[in-house]
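Some notes on the structure that comes next.
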Amino acid sequence: MRYTYYPGCSAEATSKAYDISARAICKKLDVELVELEDWNCCGSTSYFSVRELESFAISARNLAIAEQMGPQDLVAICNACYTILAKTNAYLANSPTLKAEINEALAQAGRWYNGTVRVRHLLDVLVNDVGYEAISDKVVRRLSKLKVAPYYGCQLSRPSGTFDDPEFPVTLDRLMEALGAEPVPYSMKAKCCGGMMMFTKEDAAVRLCYELLRCAADAEADVIVCACPLCEINLEAYQSKVNGALGTNFRIPVMHFTQLVGVALGCDAKDLALDKQVIPVDAVLAAVPV
C-alpha cells in the first residue's frame with residue numbers, strides 16, 4: 001500500500017517523535033509513505049479565521065502537488081492538518097467560484113488543482129486499509145497489562161465524521177484492543193484540550209487539560225495516547241503547569257498513538273523516539289511483556 005505523506009510543521013519541530021514513530025510502524029505494516037514534495041504549512045486553523053482565501057490557497061498548493069505526484073491518497077498525521085486539507089478539498093469541490101479563484105492564485109506559481117486528491121488521517125489508513133486483524137497478527141509484545149485512555153481530540157472526527165463517529169469515536173479504542181490493551185471508559189476523549197489557547201488564554205486551556213487528565217486518572221489509565229501533536233504537547237508538557245495552577249499531582253505518561261503501536265509491533269525504542277517524551281514512559285514499557 002502506497003500513500004503520499006504530508007508530515008506537517010509540527011513533525012519537524014515539537015512533535016518529531018510523532019513523525020519518526022509513524023514512519024517506523026508503517027514500515028512494519030508494509031505501508032509505503034512517499035513524502036509530499038516541497039510541502040508547505042497547511043494554512044492552520046487559526047489563519048483560516050482571519051485570512052480565509054489566502055489560507056485556502058496555501059492549503060490547495062499541497063493538494064495540487066499531491067495530485068501531480070500520482071493517484072495515491074494524501075495522508076496526514078496531525079488532526080489540524082488533516083482537517084484543514086480536507087476542508088479545503090471539500091470547499092473547492094462545492095464552490096466552482098472559489099476553485100477558480102484558488103486556481104488563479106496557484107497559476108502564478110505554475111500550479112493547478114483539479115480536485116482528485118483524497119485526504120486521510122493515518123489512523124484511518126491503519127484501521128481501514130491495513131485492518132485491526134492484520135495489525136493484531138503482527139503484534140509481538142501484546143499490551144495485555146496496559147490500561148489506555150485513547151484521546152482523539154476535537155478535530156479528528158469533526159465536523160464530517162469521515163471515518164469515525166463525530167461525537168463518539170471508537171477507532172482508536174479498537175486499535176488499542178487489537179494490540180491487547182484495555183481502553184478505559186473515558187468520557188473526555190473527543191473534548192478539546194485547549195489547542196492554541198495555551199498561548200493566548202492560558203487559564204482556560206489549563207482548565208481544559210485538567211479536566212482531561214482528571215478523567216484519565218479517575219479511569220486509572222496507565223497512559224494516554226493521542227492522535228494529534230498539539231493535543232499530545234498540551235496534555236504532556238503542561239501537566240506541571242496544571243499541577244501548579246490547580247494543586248494536583250498528575251504525572252500521567254502521554255504518547256503518540258503511533259509510539260504505542262510501535263511498542264506492540266516490536267519497534268526499537270530509538271525508532272519510536274521514546275527518549276523525547278517529557279514524562280518518561282518507563283513504567284509503560286515495564287508493563288509490556290518482552
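Tabulated results
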{"read-out": "Matching residues in region 224-265 - criterion: being under 20 Å from ARG142 (Cβ atoms), under 13 Å from the mean Cα position of the chain (by Cα) and either in a helix (DSSP H, G or I) or among the charged types (D, E, K, R) (or both)", "value": "PHE257, THR258, GLN259"}
{"read-out": "Any hit, region 165-182, residues being touching a Cys at 6+ places or on another chain (Cβ under 7 Å), of a type outside the set (Val, Ile, Thr) and touching a residue at least 60 places away in the same chain (Cβ under 8 Å)", "value": "no"}
{"read-out": "Odd one out for LYS189 among (1) surrounded by fewer than 21 Cβ atoms within 10 Å (Cβ to Cβ); (2) under 20 Å from the mean Cα position of the chain (by Cα); (3) outside any helix (DSSP H, G or I)", "value": "(1)"}
{"read-out": "Residues of region 164-179 satisfying the condition of being closer than 18 Å to ILE25 by Cβ and not in a helix (DSSP H, G or I)", "value": "LEU179"}
{"read-out": "Failed criterion for ARG141 (all others in (1) over 21 Å from the mean Cα position of the chain (by Cα); (2) surrounded by fewer than 17 Cβ atoms within 10 Å (Cβ to Cβ); (3) touching a residue at least 60 places away in the same chain (Cβ under 8 Å) hold)", "value": "(2)"}
{"read-out": "Any hit, region 154-166, residues being at pLDDT 95 or above, crowded, with 16+ Cβ neighbours inside 10 Å and touching a strand residue (DSSP E or B) at 6+ places or on another chain (Cβ under 7 Å)", "value": "no"}
{"read-out": "Residue within region 22-44 that is part of a helix (DSSP H, G or I), under 29 Å from VAL225 (Cα atoms) and of a type in the set (Ser, Thr, Tyr) present", "value": "no"}
{"read-out": "Every residue from region 194-218 that is part of a loop (DSSP other than H, G, I, E, B) and either without any contact (Cβ under 8 Å) to a residue 12 or more places away in the chain or closer than 19 Å to THR171 by Cα (or both)", "value": "THR200, LYS201"}
{"read-out": "Test set (1) in contact with a Gly (Cβ under 8 Å, 6 or more places away or on another chain); (2) surrounded by 21 or more Cβ atoms within 10 Å (Cβ to Cβ); (3) not aliphatic (A, V, I, L, M) - GLU232 fails condition number", "value": "(1)"}
{"read-out": "Within region 266-290, tally of residues that are surrounded by 14 or more Cβ atoms within 10 Å (Cβ to Cβ) and assigned to a helix (DSSP H, G or I)", "value": "6"}
{"read-out": "Of all residues making up region 1-43, the number that are farther than 16 Å from LEU122 by Cβ and crowded, with 18+ Cβ neighbours inside 10 Å", "value": "1"}
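The values are calculated or read from the model by the stated rules, or taken from the named source; none is laboratory data. Here the structure is a predicted model, which is why all the values come from computation and not from measurement. FYI the Cβ positions are ideal-geometry reconstructions off the backbone, even for glycines, and counts take in every protein chain you see.
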